[in-house]
Each structure stands twice: as structure tokens, then as C-alpha cells.
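Down below is the structure, laid out as C-alpha cells.
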Amino acid sequence: MVCAMTVQQVSAPRKTGSRCKQFRRRITYSNFCFSLLSSLGYALITVYAKLLRTKIIYHPEFLQMDRSKTFFGFWHGRQFLLIPIAGTWGVSILADLSWAGEIQARILRRFGYVIVRGSSNRQNVRALLGMRQAMENGHPGAFALDGPSGPIYHSKAGIIFLAQKMNCTIVPVIVSAHKPWILKSSWCQYLLPKPFSKCYVSFEKPLKINLEFTSEKLDEILGQKTRAADRMMNVNRQIHVH
């Protein structure tokens, strides 16, 4: 009898803990939770962007090109300033299959992006096929070149592969801000502009991607232009391309 009571007393907390975990999961993965967090995220980004003094520069060739035949390439840690800009062009972009990826996808849809689920780490073939289909439907593509998990400033091969297969150009997108906050704990050294600060976004000359073009060459181009922008904006950080 004593043994039975001991087992029952020990087992009860485990069952209670399991039920609590299941309850938390039902809440956090519910449509209500996703809708609430994505709405808050959209509102925060929209308001925050209005507090920034962002200068946007377009290369003359970019203004004359057919945007539906291009990919935009940028560093993962520099994407914040781009979110309110490129969505109005109907750009297609990858969103991870994770819990955070679902919130990100809902936020980006509200800004006008066409969402393709997947990443270079999970279901990468499906993601690339989805990006190709979106491009064929007239939506330019966008890639966080070193995303979703690095290494930092090291492009994945997906954007080069698709650009070569589809005979598309790549537009390097350079982002910087004056004395920003740098989230050093993040793998991508995420750049967050301070409120009311001067910010810089440049859509560079479209690159024609032949069979000899490599991701290392793309890294070199973005690294050089990002360093120049950071010097201009007084960003205290060194960009080292692998």
C-alpha cells in the first residue's frame, strides 16, 4: 500500500506537467496567438519605420529593368529597413517552417510580400521550387543571402543556382544606419537603427549571372559596398567576408 501511494504521488506531478505543456502548446500554436503576435509585429515595424530618416538610392539600371526578372540579395542582419519598402513590389520571399517563421510570414504578407515556406536548411528543394514558381508568376525574388542561420556574410548557393537557371539578374541591396544598435548575441549581428536616426538603403546595379559567377563573388561585391556604407554611416563594426 505504501509503495502504491508513493508511485501515485510521484506520477501526479508528471501528468500535471505534461498537461500544462500541452495546454501551452495549444495556446502558442493557435491561430489567435499567431494573429495577435503578427498584428503587433506589423504595427510595431510600421510605426518604428516612420521614426527613421531613410534615404533610398536606386541605380539607374535598376529603375529601367524588369523587376519580375530579378532577385534581390541582402545580408540577413540588415533586413529590418527593407521590410516596409519591397513589399509594395509584390516581392516573393522565404519564411522558415518554424513557429517564429509562421509569425514572420504573416507579418510580411501584411506588407505585401508573397510568401514561400521553407529555407536553405529545411525542405530547401521545395523552397527553391516555390521561389521559381513565384518568379514565373511575375513576382521578383528576395534572399537573405547568409540566412537563415549563417555563417554570417557567406551566401548560400540557392540564389546563384536559380538566377543561372532562369536567366535572371541579382540586385545587391546595401543597408546601413548611423550608429545603430548591433545585436551582438545574434549570429547575424542584427542591425537595428535607433529612432530618428539617418538610414541608408541602396539598390545597386543589377548583376548578370553567367555560369562562372560564384557565391564568393557575390559575397565580395556585397562586402565591399557594405563596408563603404558603414564607413559613411559611422557603423563601428568590421565586415569580414569568408
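Coordinate-derived values only; no laboratory data. Since this is a predicted model, take the numbers as computed values, not measurements. Positions of Cβ are backbone-derived with ideal geometry, glycine not excepted, and every protein chain shown enters the neighbour counts.
Quick look at the values:
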read-out	value
0 to 90° range, to nearest 10: angle between helix 215-233 axis and the chain longest Cα axis	90
Entries in K55/K165; K156/K205; K156/K184; K69/K179; K165/K205; K179/K225 that, when Cα-Cα distance is taken, lie over 25 Å	K55/K165; K69/K179
For the range 125-182, radius of gyration divided by Kirkwood radius, i.e. Rg to Rh on alpha-carbons	1.04
Most to least packed among 31-42, 180-191 [average Cβ atoms within 10 Å]	180-191, 31-42
Gyration tensor verdict on the range 33-174 (Cα atoms; rounded if a/c is under 1.5, prolate if a/b is larger than b/c, oblate otherwise)	oblate
Alpha-carbon spread of the chain, three principal axes, descending order, Å	84, 41, 34
Two-decimal ratio, the range 156-242, of alpha-carbon radius of gyration to 2.2 N^0.38 Å	1.22
Relative contact order (%) - criterion: Cα under 8 Å, at least six apart; region: the range 54-161	33
